[in-house]
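For reference, the structure discussed in these notes is given below.
The values are calculated or read from the model by the stated rules, or taken from the named source; none is laboratory data. Owing to the predicted nature of the structure, the values given are computational and were not obtained by experimental measurement. Reconstructed Cβ throughout: ideal geometry from the backbone, glycine too, with neighbour counts over all protein chains shown.
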Amino acid sequence: MSDEKQQVSRRQFLNYTLTGVGGFMAAGLLISPVRMAIDPVLKSNDGGDFANVGLEVSEITSDPQRVDWTIDQVDGWYESEVNRSAWVYRNENDEIVAFSPVCKHLGCVVSWEGNDDYPEQYYCPCHDGRYYKNGVNVPGTPPLQPLDVYEQEERDGMLFLGNIKPHEEA
Amino acid sequence: MHKGKGMKFVGDSRITADRTSKVPKDYSEYPGRTEAFWPNFLLKEWLAGAVFLVGFLCLVLAHPSPLEGMADPTDAAYIPLPDWYFLFLYELLKYQFASGDWTILGIIVIPGLAFGGLLIAPFLDNGPGRRPRQRPIAVGMMLLALASVIWLTYSSAAHVDWEERAEQNKPIPPGESVVDQNHPGFAAYESSCLGCHGGELEGGAGPTLVGTEHSKEEIMDIAVNGIGAMPADQFQGSDEELEQLADFIIETSEAAAEQE
Amino acid sequence: MLQKIYDWIDDRIDITPIWRDIADHEVPEHVNPAHHFSAFVYCFGGLTFFVVVIQILSGMFLTMYYVPDIENAWQSVYYLQTEVAHGQIVRGMHHWGASVVVVMLLLHTLRVFFQGAYKKPRELNWMVGVLIFFVMLGLGFTGYLLPWDNKAYFATQVGLEIAEQVPFIGEALKTLLAGDATIVGAQTLTRFFAIHVFFLPGALFALLAIHFILIRRQGISGPL
């Protein structure tokens with residue numbers, strides 16, 4: 001009878017309330033832990049600092065040269081010095097370009113004229129990947145993208161390099 | 001229904017061979033109306049849980065979890081204290097009958113009897129009556145144990161100035177140390193003063209030197225002749241070193257006071 | 001849709017009796033605070049379990065930032081407290097939860113004791129409960145060391161000194177706990193971490209499972 005119907009709806013009502021209260025408890029319990037867990041995702045990466053790489057701008061020629069420097073890396077509670085390197089040269093428009101030496105194929109390290117068979121090119125020894133002088137990958141070799149470039153700045157005649165970003169032209 | 005060995009199952013499952021009717025457990029022995037666990041009773045439990053959670057989160061927000069300075073095994077001035085629920089054991093070991101030659105009594109016999117008794121309480125208190133009045137010995141012993149634990153905890157905690165303790169052991173933020181270890185006076189400070197006045201001038205056995213009101217000349221005098229409870233001849237070295245030491249203390253003290 | 005999934009599973013492994021074990025049973029009036037307010041004392045056990053759930057969850061999340069190593073433990077806790085959003089709250093939940101769980105456990109134990117609810121046939125469940133109490137105290141003791149601050153270090157040292165005074169096996173016991181006969185250091189911290197995060201919680205889960213199964217088997221004790 002209608003009595004029975006009422007019983008069902010009352011049970012359903014209780015079930016909804018139970019879900020609500022359970023949801024409230026779960027939310028109260030989890031909101032802080034989850035916010036803490038996803039904190040690294042939400043932390044803004046504010047550009048990063050430029051580091052002096054110890055190379056005078058006047059010394060940069062149209063021939064790529066390798067520079068090595070170290071940066072202070074803060075990884076959470078752990079601070080350490082990390083080695084970085086770049087290939088720096090002046091392009092035909094007299095602009096300074098600093099390439100990251102990390103091959104876009106599988107992450108090996110490329111070097112300028114690293115193979116005698118390929119002069120005037122960057123060469124990756126792992127899978128014979130090659131790039132032209134302007135960083136663009138040679139078609140037909142394994143890499144599919146040009147080399148990444150460093151953000152760069154000139155201060156007091158010295159070269160400062162910052163974050164790595166993708167090669168724009170090409 | 002058969003019990004134990006007489007029970008027959010289908011194959012190796014836990015389904016019984018003889019079909020049993022699913023009659024709910026008989027609560028007729030208890031007076032009053034019963035209520036379904038799901039959802040009626042559980043809802044009430046969870047409402048209580050939600051209220052409890054709100055209270056708990058208020059506690060958490062109102063009192064940030066404490067963290068003292070990084071463990072320094074050479075810190076001789078530190079007075080250790082266990083978490084509050086171990087204070088009663090800690091205090092027990094201060095009594096004469098529970099320390100020295102009687103340590104075994106304090107660390108094994110007394111706690112062993114208490115916790116062992118708790119563990120086998122149902123067998124010690126095995127009469128049929130459940131009301132506290134029907135089992136005066138068990139209830140009496142429990143009240144006695146409870147009273148002594150509360151008393152021990154209280155007498156242990158009452159002497160501690162918790163706020164001062166927290167203040168003294170505040171963590172020093174890493175990388176924000178104001179102490180310049182390359183200062184010419186640091187070596188003298190390290191060998192003569194650090195033991196009592198702390199690595200950051202924060203104090204310890206002696207008072208803090210942060211924001212000291214003494215002048216450079218006074219500090220040089222105190223380091224040699226002492227002041228108040230501080231004995232004389234703490235510093236032994238050349239006059240030049242003494243001057244560097246005073247410079248170091250004043251500069252660091254000012255830097256630290258500025259930081260705060 | 002849900003009903004279909006349920007039926008499909010039920011058809012194969014017969015989950016309805018499991019559901020019945022967990023949820024589909026009657027609760028007597030004398031434990032229901034809605035009928036007699038004094039029945040709130042029956043809530044203590046459930047609330048203890050609730051705090052245990054808080055401890056497990058907050059603990060799981062805390063290990064995302066914690067390293068059990070004497071160089072980095074304090075640094076990572078300090079970083080968590082000062083740099084990570086809500087880190088202080090999560091650590092606060094774990095810190096205060098540890099105290100609250102002991103309080104609730106004590107209240108629950110006293111309720112069961114003064115009502116004589118541990119009498120036949122519930123002796124076994126009482127003993128399991130007391131073992132849970134011991135495991136909780138062990139979790140409190142081992143967890144105290146983990147932040148590696150002064151309080152943690154010196155309290156643990158005292159605890160280990162006490163263990164050393166146990167006759168015959170004292171020194172072996174201390175070395176077993178500390179990982180080294182004389183030093184309270186790197187090996188102590190990793191041991192306490194392992195005990196706090198794996199061994200004792202494992203024991204706790206097993207004991208809690210037995211505790212709850214026995215409650216369902218035997219039902220709630222009758223009114224006085």
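Filter segment B:52-78 down to the residues that are in a loop (DSSP other than H, G, I, E, B) and facing chain C (nearest Cβ under 8 Å) and list them by number. Within segment B:52-78, B:63, B:64, B:65, B:66, B:67, B:68, B:69, B:71, B:72, B:73, B:75, B:78 meet the criteria. The residues of segment A:88-97 that are among the hydrophobic types (A, V, I, L, M, F, W, C) and surrounded by fewer than 23 Cβ atoms within 10 Å (Cβ to Cβ), listed by number, are A:96, A:97. Kindly provide the set of residues from segment B:90-116 that are among the β-branched types (Val, Ile, Thr) and within 10 Å of chain C (Cβ to nearest Cβ), ordered by number. Correct list: B:103, B:104, B:107, B:108. What number of residues within segment C:22-64 are of a type in the set (D, E, K, R) and either at pLDDT 90 or above or in a helix (DSSP H, G or I) (or both)? Residues in segment C:22-64 being of a type in the set (D, E, K, R) and either at pLDDT 90 or above or in a helix (DSSP H, G or I) (or both): 1 in total.
Could you tell me which residue of segment B:151-164 is nearest to the other protein chains (Cβ to nearest Cβ), considering only residues that are assigned to a helix (DSSP H, G or I) and without any contact (Cβ under 8 Å) to a residue 40 or more places away in the chain? Step through it out loud before you land on a result.
Within segment B:151-164, the first condition is being assigned to a helix (DSSP H, G or I), and the residues that meet it are B:151-157, B:162-164.
Next, from what is left, pick out any that are without any contact (Cβ under 8 Å) to a residue 40 or more places away in the chain: B:151, B:154, B:162-164.
Details: B:151: 15, B:154: 15, B:162: 12, B:163: 15, B:164: 14 Å.
The selected residue is B:162.
Exactly one residue out of B:119, B:87 is within 7 Å of chain C (Cβ to nearest Cβ) and modelled with pLDDT of 90 or more, and it is B:119.
Residue check: is residue C:122 closer than 23 Å to residue B:133 by Cα and within 10 Å of chain B (Cβ to nearest Cβ)?
Taking the combined requirement at face value, the residue satisfies it.
Might you let me know whether segment C:125-140 holds any residue that is out of contact with any Asp or Glu (no Cβ under 6 Å at 6 or more places or on another chain), without any contact (Cβ under 8 Å) to a residue 60 or more places away in the chain, farther than 27 Å from residue B:94 by Cα and within 9 Å of chain B (Cβ to nearest Cβ)? Checked segment C:125-140: at least one residue is out of contact with any Asp or Glu (no Cβ under 6 Å at 6 or more places or on another chain), without any contact (Cβ under 8 Å) to a residue 60 or more places away in the chain, farther than 27 Å from residue B:94 by Cα and within 9 Å of chain B (Cβ to nearest Cβ).
For segment B:57-82, filtering for residues that are buried (at least 19 other Cβ atoms within 10 Å of the Cβ) and of a type in the set (D, E, K, R) leaves 1.
Given the condition in the same structural domain as residue A:160 (by TED's automatic domain parsing), in contact (Cβ under 8 Å) with a residue 12 or more places away in the chain, of a type in the set (Lys, Arg) and part of a loop (DSSP other than H, G, I, E, B), answer yes or no: does some residue in segment A:77-96 qualify? No, segment A:77-96 has no match at all.
The residue that is farthest from residue C:72 (Cα to Cα), among those in segment C:151-161 that are crowded, with 21+ Cβ neighbours inside 10 Å and not hydroxyl-bearing (Ser, Thr, Tyr), is C:159. The sole residue among C:139, C:131 that is touching a Pro at 6+ places or on another chain (Cβ under 9 Å) and either buried (at least 18 other Cβ atoms within 10 Å of the Cβ) or part of a helix (DSSP H, G or I) (or both) is C:139. Per the listing C:65, C:6, the residue uniquely out of contact with any Pro (no Cβ under 6 Å at 6 or more places or on another chain) and at the interface with another protein chain (Cβ under 10 Å from one of its Cβ atoms) is C:65.
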